[in-house]
Amino acid sequence: GELLAELHALRTVREFELVSTLGTMLRATTAVTLGAQGIIPGLANALPAIMARTWEAGRIGDVETARACDAQIVAGLRLQTLGKSGSGVQGLVYSGLKAALLHMGVIKPDHVTAPFKPLTDEERGQIPGILAGLGLGKGW
């Protein structure tokens, strides 16, 4: 965060354009204060309204909403850590997000390509509860 803030300070002083983004969901509420012009959160595929509200709360300085959104993001991150089936970290992220999108009726099927592995039925069974806790579900 500090280096990005310095870079944006230099941009202002030296008057040059800089388009910057941050890719972590947990910086969504603070990225704009560092000068970022956007974020690239994978979780936004499954939680677009939550991620948009998160960014907006940070942009306008709504601390209360930002904290509530951060709590929703932390809960939503469980979708990306459900898989224990042997895929690498990236595979777990994709498998969980795709399974959530299938459950919500956004995509069909939720196939992942090798070397990634799909969630097991037990892992997939946790998705409805996670989404319900976020106020989401089928047909969100």
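The values are calculated or read from the model by the stated rules, or taken from the named source; none is laboratory data. From a predicted model like this one, the values you see are computed outputs, not experimental measurements. Cβ sites come from the backbone with ideal geometry, for glycine too, and all protein chains shown count toward neighbours.
Under the condition of being more than 15 Å from residue 82 (Cα to Cα) and not β-branched (Val, Ile, Thr), which residue from region 103-121 is surrounded by the most Cβ atoms within 10 Å (Cβ to Cβ)?
Among those residues, the one meeting the criterion is 104.
Being modelled with pLDDT under 75, more than 13 Å from the chain's Cα centre (by Cα) and under 15 Å from residue 130 (Cβ atoms): is that true of residue 92 here?
yes
Do any helices (runs of 4 or more DSSP H) lying entirely in region 24-136 carry at least 2 residues that are over 30 Å from residue 2 (Cα atoms), and which ones are they?
Output list reads 89-103, 121-124, 127-133.
From the list 35, 61, 42, exactly one residue is modelled with pLDDT under 80 and either closer than 24 Å to residue 105 by Cβ or over 15 Å from the mean Cα position of the chain (by Cα) (or both). Which is it?
Exactly one of 35, 61, 42 is modelled with pLDDT under 80 and either closer than 24 Å to residue 105 by Cβ or over 15 Å from the mean Cα position of the chain (by Cα) (or both), namely 35.
Anything in region 95-140 that is over 20 Å from residue 74 (Cβ atoms) and β-branched (Val, Ile, Thr)? List them, or say none.
106, 107, 112, 113, 120
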